[in-house]
Amino acid sequence: MDGRQYGALPDDLTLWCVYCGHQADHSEFLTEQQLNRARQAVSDFGQQFILRELEKKFRGLSRGPRRGGISFSYEPQPFAPRSLPGIDEEQLVRVRSCSSCYTDYAVFSEHRYCPVCGQLPASSVAFDSLQADTARLDALEALPSETKALLREQGVFTRNWVDTVENVVGVVEALASSLFHTAVPTADTLLNGKGAIFQRLDPMADLIVNAGFPDLRTTLGPQTWQRLLETWAARHVFTHNDGIVDAKYLSRVPSSPARTGQRLVLTEDMCRRALDDAKALCEALVDVLR
């Protein structure tokens, strides 16, 4: 967390773990290296304080009159605090700013919470997830040619593309469900018996229209909507049929050159286009379900 913002927080504020949502006092979030550094600083301060108090006491005794021929002297020993142990922890490279409380904080990986105000908005989570999938595509593409060739032979690229398509649908489903429940007081009643409606594009769009909101299909335009339908159809065959094309897929994607019984072939370009279209759909959902 930004040091200036952290210093301004109330001492009794309960903080959130950005990854799991655990809530605890500030001290619970110190790392082991930070604790060791603090312990040594406290230990050295304590020793220095004790030696200083002893020096005050014994200095007075050593200057007093001799009694019974016994003299007393005290030579204080200089105290040199040890060098504090360094902190050698992974450098944080990703800094986020909470859209609710505007706190700046750094993260190592995927997260769902702001350390100060808790649960992140569903839209922030959705766009972060899409960005993560884009970064994963970029990382694989940036590998040396020999490494890419080896991974391609092992099916890593294909598996990554399949995961991207499946993730896109999950991101949209979670965002649409959250926004709809927030925007529509009677959401539970309207959704009763409709199953996983937010996994299905046209039924989801119809639901939103019937609730009194604009039509996503009009907002996005027919070309983008058709590409989204094709992405959703691809996700369905990979999730439920190991990518084997069936009549249901061809009915949704009549322009596909694939034939029934063939395994659908994905490409990186298809995945990047799916991510762009999903981002546009998420933006439309946020705009429509205000």
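Taken along the Cα-to-beta-carbon direction at a fixed 7 Å, the label points for Glu153 and Ala196 span 3.6 nm. Here segment 1-21 is scanned for amide nitrogen atoms under 19 Å from the site 7 Å beyond the Cα of Ala135 along Cα-to-Cβ, giving 1-2, 17-21. Available extension along the chain between Leu250 and His181 is 21.5 nm, counting 0.36 nm per residue and deducting the alpha carbon span. Here the label points at Ser97 and Ser123, each 7 Å from Cα along the C-beta direction, are separated by 1.6 nm in the simple model. Measuring nothing but alpha carbons in segment 171-290 and taking Rh as the Kirkwood radius, the Rg to Rh ratio lands at 0.99.
Computed from the coordinates by the stated procedures, all read-outs in this text should not be read as laboratory data. Quantities reported herein were computed from a predicted structural model and do not represent experimental measurements. All Cβ positions, glycine included, derive from the backbone under ideal geometry; neighbour counts span all protein chains shown.
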